[in-house]
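Trainee: Take this structure first; my questions come after.
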Amino acid sequence: MSKKITKEKQKSKNFIKSYIIITIIFFIISSYVTFIIDNPNSDHDLLFYFYSGKEIIYGDPQNVIIANAPVGWPILLATVDSVINDPHITAKIFSVIFASGIVLTSYFIIKNIFDKKIATLGQVLIAISPMLHVEAINSHSEMLPIFLIFLAFYFITKKQLVQKDIT
């Protein structure tokens with residue numbers, strides 16, 4: 001009986017390691033392609049949001065008009081850029097981190113619905129998706145909202161919410 005329990009614990013440790021390893025591999029590959037190979041001239045909206053955020057923080061915020069967009073992303077870009085001093089690298093850091101968060105949370109969403117094996121397979125399919133790689137490499141503004149949508153789906157699919165989850 002105890003051998004069966006230890007085998008089950010060993011299998012669960014392997015699955016725990018697998019979803020972390022898949023996320024780390026995705027992060028390393030996306031980071032490499034983003035920072036070494038990619039040309040930052042393809043990020044067209046980035047500088048508009050960056051300079052709007054700079055104007056909101058350090059200039060005259062009443063004259064800043066961002067049509068059909070909230071001011072959170074420009075302020076976040078401008079704030080973090082005060083440390084890094086390169087808007088392209090700042091946005092690419094956010095894109096890669098949030099895309100890796102999407103890969104990680106996809107495992108937990110699928111695990112809440114199915115079992116661990118299907119969740120690992122689903123996570124691998126999401127990690128190798130070319131659309132996610134393109135969005136992570138080209139630092140568009142969509143990675144943060146998509147990550148928050150995946151986070152919301154995690155809490156929606158969770159079987160039982162505790163007080164810590166609600167907070």
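Trainee: State which helices in the chain qualify, where a helix is a whole DSSP H run, it must extend 27 Å or more along its own axis by its Cα atoms, and its mean Kyte-Doolittle hydropathy must be at least 0.5.
Mentor: Going by DSSP H runs, the hits are 87-113.
Trainee: If packing is taken as the mean number of other Cβ atoms within 10 Å per residue, what is the order of 149-159, 68-78, highest first?
Mentor: Top to bottom by mean Cβ count within 10 Å: 68-78, 149-159.
Trainee: How many Å² of accessible area per residue for segment 17-167, probe 1.4 Å?
Mentor: It amounts to 59 Å² per residue over segment 17-167.
Trainee: So, by mean Cβ neighbours within 10 angstrom, what's the order for 103-113, 45-55 with the highest one leading?
Mentor: Highest mean packing first, the order is 103-113, 45-55.
Trainee: Tell me, what % of the accessible area of segment 30-91 is carbon and sulfur with a 1.4 angstrom probe?
Mentor: 60 percent
The values are calculated or read from the model by the stated rules, or taken from the named source; none is laboratory data. In this text the structure is predicted, and so the values were computed from the model without any measurement. FYI the Cβ positions are ideal-geometry reconstructions off the backbone, even for glycines, and counts take in every protein chain you see. SASA here: full protein model, heavy atoms, side chains in, ligands and nucleic acids out. Shrake-Rupley method; radii C 1.70, N 1.55, O 1.52, S 1.80 Å.
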